[in-house]
Amino acid sequence: MSDQLAYVLVTPYSLYKSRTGGIVGRLLAHARLELVATRMYVFSEKFVDEYQKIICTSDMDGRLAKAWHNYLDEHLRPRNVWGYLPRCFLFLFRGPNAVRHLKEDVIGSFTEQPVGDTLRGAYGDFIRDQSGEIHYFEPAVITCPDPKLNDAHLKLLADYSLSDGGVLEGRIKYTEPNVQVSLVMLKPDNFERRSRRPGNIIDTFSRTGLRIVAARLFKMTVAKAEEFYGPLKEIFARKLKGNVAQEVYERLHNAFSFDFAMADADKVADMLAERNAVSEFNRIVEYMTGVNPDDISPAEKASAGRTKCLALLYEGPNAIDRIREVLGSTDPSKAEPGTVRSDFGRDLMRNGAHASDSPENAARERQIIGLSGQEKGDCDVTEIIRKYLAGPR
């Protein structure tokens, strides 16, 4: 069978209760599929109306169908009984038999037994009385259960992706002052192979109590990486000069028949500091993109990129400082235990995640990543779904 496109929506209640990381961890570790896109949605009344028409299969038990319709009314409509912004987190997967594999092997069916072998078993709730009436229903995630209905589900998600999806900044009400938005970027080594790492990192950030208001999976190009990390080049030239001087001294102080002092090494370092900074900068660009800038022409930089990153926007009071506290020190060996970089970092470069260090840098970085909130008509979810629906299957 050719590859299918399938989706998973993390429900508003799962997001509200900060179960997102655990759910994402299971999805990415157990789905033998490629994650191709992510997006945040808030369904409009019209979107919910259309979704209710296709959510149930023709052979579905009538009581379960009723529970689904009630659930969408109570949880996904803008005016809901909980009084929260009904955010949904979309994950788009591609691979062989993707619809059935996600539903049967990863998400699972509804069960009244308290088992955690599937995603719904661990994070969903389904309670019937003795007559079979459903009294409590929380699916944790929503997906299409039937390959025959999948195209209709995907088309609906594409049709509403621009009007009902994207950056949800400023739509949640807070009682505390100083509401900020911080960019968090999960780095490429988190996606080198199937694992729970991305979900576990998201779960660690849930300690902040902040809300995810945007998400984008993307390949960072060399041009964007150079722009994103551009400020580091000057910092490297200044801060790494001492390292260069020490390296020069250790290599040359016994190499001549005359004295070679540290002052001599400092003079050599003056000549090499800029070249060393460029070399270190290029190492970061290559790590973030999978492409060495020296191996391509300037014209290729705008499109060259092989690795995946996941960008998330977190919103809430004092978001910048709260995220940085949970992120931990740049050096994982010095990071506070329990922080992202302590638990998931490997070294100064492969340290798990990046987070904005100021509101000004958050705004600059969001612009580069494509999550400024000003993007119009630019949606990878729409493009991927429409290309898939138009192609042969």
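Values as computed for the structure displayed
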item: Filtered residue count, the stretch 82-94, keeping only those that are surrounded by fewer than 19 Cβ atoms within 10 Å (Cβ to Cβ) and modelled with pLDDT of 95 or more; result: 2
item: Filter result for LYS66 (touching a residue at least 40 places away in the same chain (Cβ under 8 Å), out of contact with any helix residue (DSSP H, G or I) (no Cβ under 8 Å at 6 or more places or on another chain) and in a helix (DSSP H, G or I)); result: yes
item: Total residues in the stretch 105-149, condition in contact with a Ser or Thr (Cβ under 9 Å, 6 or more places away or on another chain), within 18 Å of HIS30 (Cα to Cα), part of a loop (DSSP other than H, G, I, E, B) and without any contact (Cβ under 8 Å) to a residue 40 or more places away in the chain; result: 4
item: Tabulated pairs, the stretch 337-359, first touching a residue at least 24 places away in the same chain (Cβ under 8 Å) and within 15 Å of MET185 (Cα to Cα), second polar (S, T, N, Q) and buried (at least 24 other Cβ atoms within 10 Å of the Cβ), C-beta under 7 angstrom, 6+ apart or interchain; result: ALA355/SER182; SER356/SER182
item: Residue within the stretch 196-213 that is part of a strand (DSSP E or B), under 16 Å from PRO359 (Cβ atoms) and in contact with an Asp or Glu (Cβ under 8 Å, 6 or more places away or on another chain) present; result: yes
item: Residue within the stretch 278-289 that is modelled with pLDDT of 90 or more and basic (Lys, Arg) present; result: yes
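The values are calculated or read from the model by the stated rules, or taken from the named source; none is laboratory data. Fair warning: this is a prediction, and the values are worked out from it, not measured in the lab. A quick note on method: Cβ atoms are made from the backbone with ideal geometry, for glycine too, and the neighbour counts reach across all protein chains shown.
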